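Below is one structure, written out as structure tokens; the observations come after it.
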Amino acid sequence: MSTNNIYFHETNISRTDRELIKGQKGMIIWLTGLSGSGKSTLANNLEKELHKLKKHTYILDGDNLRLGLNKDLGFGNDDRVENIRRVAEVANLMMDAGLIVITAFISPFRAERLMARTLIGNNNFIEVFVDTPLEICEWRDPKGLYKKARNGELLNMTGINSPYEIPEKPEFHFLPNSSVEDLKKLIVNHA
């Protein structure tokens, strides 16, 4: 598809205008980790804490987007890359609206997380590695996916038969003993 005849349309209201009216800086909180690591739970708890502070937020959750926008994608490497590209584009638009966007995606590959960071901008991107050991994720197995992968019923399961590349320098390393309060402080200080 050629983009030779497509031009970016400038608008009269800027991101700064939108941020001023909301009293906050738009940004992306990118939660990454294995399935069952607690990303969605953390996203919900973080959003509740930011809501108490009257922050304008929105969660983009992996399963929710795969039920709609990304329902045409599978779980092979190419589709996972496209999934993250779409998420980054949507998150970027929402950030332009002045929102604090919390994403909860396995996003297993460093290159795609870097692509998202580059698109969004390093100053607007907070990578949070939800570091839960595989054994705990398998024990939790809220969707029964690890059991299916171990039984050979599910291919491309991150951590089992598909790799997860651990973030090298996340802005926040969320360990099992970490608190939502500590992450909230980082975000508020960044805003």
Revision key, fill the gap. Summing -39500 (n - 2.57) over every DSSP H run of at least 4 in the chain, dividing by its residue total and rounding to the nearest 500, the 222 nm mean residue ellipticity is -12500 deg cm²/dmol
Point to revise | Read-out semi-axes √(5λ) of the Cα gyration tensor in Å, derived from the coordinates shown; its label in (1) 43, 23, 15; (2) 22, 20, 16; (3) 29, 22, 13 | key: (3)
Check your understanding: For the modelled label position 7 Å from the Cα of I166 along Cα-to-Cβ, which residues of the stretch 91-124 have backbone nitrogen atoms closer than 16 Å?
Key -> 108-110
Exercise for review: In whole Hz, with x marking every Gly and Pro, tabulate ³J(HN,Hα) for the stretch 146-163 from phi via Karplus 6.51 cos²θ - 1.76 cosθ + 1.60, θ = phi - 60°.
Suggested key: 5, 4, 4, 5, 5, 8, x, 8, 9, 8, 6, 7, 4, x, 10, 10, 9, x
Point to revise | Dipole magnitude (debye, nearest 20) for the stretch 1-108, charges at Cβ of Lys, Arg, Asp, Glu | key: 420
Exercise for review: Quick one: dipole size for the chain, taken about the Cα centre, charges +1 on Lys/Arg Cβ and -1 on Asp/Glu Cβ, in debye to the nearest 20.
Suggested key: 400
Exercise for review: Extending each Cα 7 Å along its Cβ direction at N77 and I21, get the distance between those two points in nm, one decimal.
Suggested key: 4.5
Point to revise | Full-stretch length increase - M115, K52 - with 0.36 nm per residue and alpha-carbon distance subtracted | key: 19.5 nm
Check your understanding: Could you give the longest part of the chain that holds none of the GluC sites (Glu not before Pro) found in DSSP loops with at most 15 neighbouring Cβ atoms within 10 Å?
Key -> 11-152
Practice item. Just add up the charged neighbours of E138: K/R +1, D/E -1, any other residue whose Cβ is under 9 Å from the Cβ of E138. Key: +1
Check your understanding: Which of Y146, Y164 comes first, and how do the rest follow, when ranked by fewest Cβ neighbours within 10 Å?
Key -> Y164, Y146
Practice item. State which entries of K55/K185; K55/K184; K71/K169; K25/K185; K48/K185 exceed 22 angstrom in Cα-Cα distance in the structure shown. Key: K71/K169
Practice item. Enumerate the residues in the stretch 94-137 having an amide nitrogen under 15 Å from the point lying 7 Å beyond the Cα of T41 toward its Cβ. Key: 130-137
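Every read-out reported here was derived from the displayed coordinates using simple, explicitly stated rules and does not represent laboratory data. Quick caveat: nothing in here was measured; it's all calculated off a predicted structure. Quick reminder, even Gly has a Cβ in these numbers, built from the backbone with ideal geometry, and neighbours come from all protein chains shown.
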